[in-house]
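Report on the structure given below.
Each reported figure results from applying straightforward, stated rules to the coordinates on display, with no laboratory input. Model, not experiment: these values are computed from the prediction. With ideal geometry, Cβ positions are generated from the backbone for all residues, glycine too; neighbour counts draw on all protein chains shown.
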Amino acid sequence: MALLPILRYPDERLHTKAKPVPQVDDSIRKLVTDMAETMYEAPGIGLAATQVNVHLRVVVIDTSEDRSKLLAFINPEIVERSGEQSCEEGCLSVPGIYETVTRAERVKVRALDEKGEAFELEAEGLLAVCIQHELDHLDGKVFVEYLSRLKLNRIKSRLAKKSRITA
């Protein structure tokens, strides 16, 4: 297992659209393991391969308190959405920034697991938000891009200032 470096917004590589995984093999299983370790260490509840500069459609999520319910989604797609909820979101690629985003309240997602087996999952609440957030990453979108231009520019300025201080 290895910790992977997480790209920081506004890194252009975060806008790369991820490609489908052609075959679930040992390299994909290792990626899932490394991504899970990176997510837990960060700490976070979701991580898309795009965030670790691997542009394949792979996501890991664990919204449990005790880190016991790791979900791997390979080639995920949302097949149903319903309702609406507004929730404060954060992101490992946008550290220290939390903003309210409106998303579907419930989703149904279809994907492959780390064994390459197809599954469907219906999710609501935090898990539904997390799935939508991570799948956005696979499509090259970061949650702050849902905000007004004014808020987005303030966030970019704050992040630039932070990076100058730590450099």
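Before moving on, here are some points about what is shown:
- Relative to the longest principal axis of the Cα atoms of the chain, the long axis of helix 26-41 makes an angle of roughly 40 degrees.
- Global dimensions of the stretch 1-145 from alpha-carbon coordinates: Rg and Dmax equal 13.9, 39 Å.
- Over the chain, Cα pairs under 8 Å with separation of 6+ residues give a relative contact order of 24 percent.
- Total charge dipole magnitude, the chain, about the Cα centre, Cβ charges on Lys, Arg, Asp, Glu only, Debye to nearest 20: 1000
- Shown for the stretch 68-167 is the translational diffusion coefficient from the Stokes-Einstein equation, using the Kirkwood radius over Cα pairs, a temperature of 20 °C and a viscosity of 1.002 mPa s: 143 µm²/s.
- Inter-label distance for Thr102 and Ser68, nm, one decimal - labels placed 7 Å from Cα along Cα-to-Cβ: 3.8
- Each part reduced to its alpha carbon centroid, the stretch 1-69 and the stretch 110-167 end up 12 Å apart.
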